[in-house]
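Q: What follows is a single structure, and I will ask about it in a moment.
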Amino acid sequence: MSYPPGIIAGMDDVEGLTRFDRAVVAAAAVFDGVKVEQWGDPTPCTEWTVRDLMNHLVGGTRQFISLMSGGGPLDRSLDYLGPDPAGSFRDAAAELRAIFAADGALERLAPTPFGPQPGQFLAEMRVTEMMTHGWDLARATGQSTDLDPELAESLIDNFRRMRARTDGPSTNLPFDEEQPVADDAPAADRLAAAAGRRVS
């Protein structure tokens, strides 16, 4: 999942790292709840199985490590999980977090598909990715989808702003049309609906 620049509002470094940490905690808890026998099960991301989705999250984190370290894009078709997906997720997230926490890292420009962007932009991209795909993974494996309500709530408008600012049909975006959802649904369910998931 990739996002056009100019969508995510700026924030200070402490808040950015706190949001990243909270997203890691939410997604890691879902990783912990996945059983080996579920690895081949389908997910809301219809092109991916459960294991594919976990690999997408870990591989994406590894790619951001490379981008923030001056490297290029990675081969996302490779296996980044090994025998311990939850451990691989935590290791990659910890390595990326250390890079983001270095002096000046969140202000330093890094390459993205949209041109150079500050590290803060990349950090918030990972927050959105971990929360949205964390919901996908929880839904696919029968776990609670009520992930960090406050953080999820704060991300909902990002998808709406992206639709508002993107020229042409929404099919140009890397997610589907916003789906209906009850106003009193958990925030992460409403986030998933904003990202085009069917939650009912």
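Q: Going through 14, 36 one at a time, which residue ends up being surrounded by fewer than 16 Cβ atoms within 10 Å (Cβ to Cβ) and modelled with pLDDT under 95? Give the derivation first.
A: Details: 36 fails: modelled with pLDDT under 95.
Of the residues listed, the single one that is surrounded by fewer than 16 Cβ atoms within 10 Å (Cβ to Cβ) and modelled with pLDDT under 95 is 14.
Q: Just checking, which of 80, 3 is of a type outside the set (Asp, Glu), modelled with pLDDT of 95 or more, surrounded by 17 or more Cβ atoms within 10 Å (Cβ to Cβ) and over 17 Å from residue 101 (Cα atoms)?
A: Of 80, 3, the one residue that is of a type outside the set (Asp, Glu), modelled with pLDDT of 95 or more, surrounded by 17 or more Cβ atoms within 10 Å (Cβ to Cβ) and over 17 Å from residue 101 (Cα atoms) is 80.
Q: Considering each residue of region 38-74, count those that are more than 30 Å from residue 102 (Cβ to Cβ), within 16 Å of the chain's Cα centre (by Cα) and not charged (D, E, K, R), and give that number. Give the derivation first.
A: Here is the first cut: in region 38-74, the ones more than 30 Å from residue 102 (Cβ to Cβ) are 38-52.
Next, only the ones that are within 16 Å of the chain's Cα centre (by Cα) stay: 43-45, 48, 50-52.
If we keep only those that are not charged (D, E, K, R) as well, we get 43-45, 48, 50.
Number of matching residues: 5.
Q: Take the residues in region 126-176 that are among the small types (Gly, Ala, Ser) and out of contact with any Lys or Arg (no Cβ under 9 Å at 6 or more places or on another chain); name whichever of them is modelled with the lowest pLDDT. Break it down stepwise before answering.
A: Within region 126-176, the first condition is being among the small types (Gly, Ala, Ser), and the residues that meet it are 134, 138, 140, 142, 144, 152, 154, 164, 168, 170.
Filter again for out of contact with any Lys or Arg (no Cβ under 9 Å at 6 or more places or on another chain), leaving 134, 138, 140, 142, 144, 164, 168.
Details: 134: 98, 138: 98, 140: 98, 142: 98, 144: 97, 164: 62, 168: 46.
The qualifying residue modelled with the lowest pLDDT is 168.
Matching residues to (1) over 18 Å from residue 60 (Cβ atoms); (2) crowded, with 21+ Cβ neighbours inside 10 Å:
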| site | (1), (2) |
| --- | --- |
| 94 | no, no |
| 97 | no, no |
| 107 | yes, no |
| 119 | no, yes |
| 123 | no, yes |
| 153 | yes, no |
| 156 | yes, no |
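Q: Going through region 178-200 one residue at a time, which ones are assigned to a loop (DSSP other than H, G, I, E, B), surrounded by 21 or more Cβ atoms within 10 Å (Cβ to Cβ) and basic (Lys, Arg)?
A: 197
Q: Shifting gears a bit: Are any residues in region 94-122 assigned to a helix (DSSP H, G or I), touching an Asp or Glu at 6+ places or on another chain (Cβ under 9 Å) and not basic (Lys, Arg), and if so, which ones?
A: Filtering region 94-122 down to residues assigned to a helix (DSSP H, G or I) leaves 94-101, 119-122.
This time we only want the ones that are touching an Asp or Glu at 6+ places or on another chain (Cβ under 9 Å), so: 97, 100-101, 119-120.
Those that are assigned to a helix (DSSP H, G or I), touching an Asp or Glu at 6+ places or on another chain (Cβ under 9 Å) and not basic (Lys, Arg): 100, 101, 119, 120.
Q: Considering each residue of region 33-59, count those that are out of contact with any strand residue (DSSP E or B) (no Cβ under 7 Å at 6 or more places or on another chain), of a type in the set (Asp, Glu) and either closer than 18 Å to residue 129 by Cβ or not in a helix (DSSP H, G or I) (or both), and give that number. First the steps, then the outcome.
A: If we filter region 33-59 for residues that are out of contact with any strand residue (DSSP E or B) (no Cβ under 7 Å at 6 or more places or on another chain), which is where we start, we get 33-38, 44-48, 50-59.
With of a type in the set (Asp, Glu) added as a condition, the list becomes 37, 47, 52.
Within this subset, residues satisfying the condition of being either closer than 18 Å to residue 129 by Cβ or not in a helix (DSSP H, G or I) (or both) are 47, 52.
The number of residues fulfilling the criteria is 2.
The values are calculated or read from the model by the stated rules, or taken from the named source; none is laboratory data. Since this is a predicted model, take the numbers as computed values, not measurements. Neighbour counts run over all protein chains shown; Cβ positions are idealised from the backbone, glycine included.
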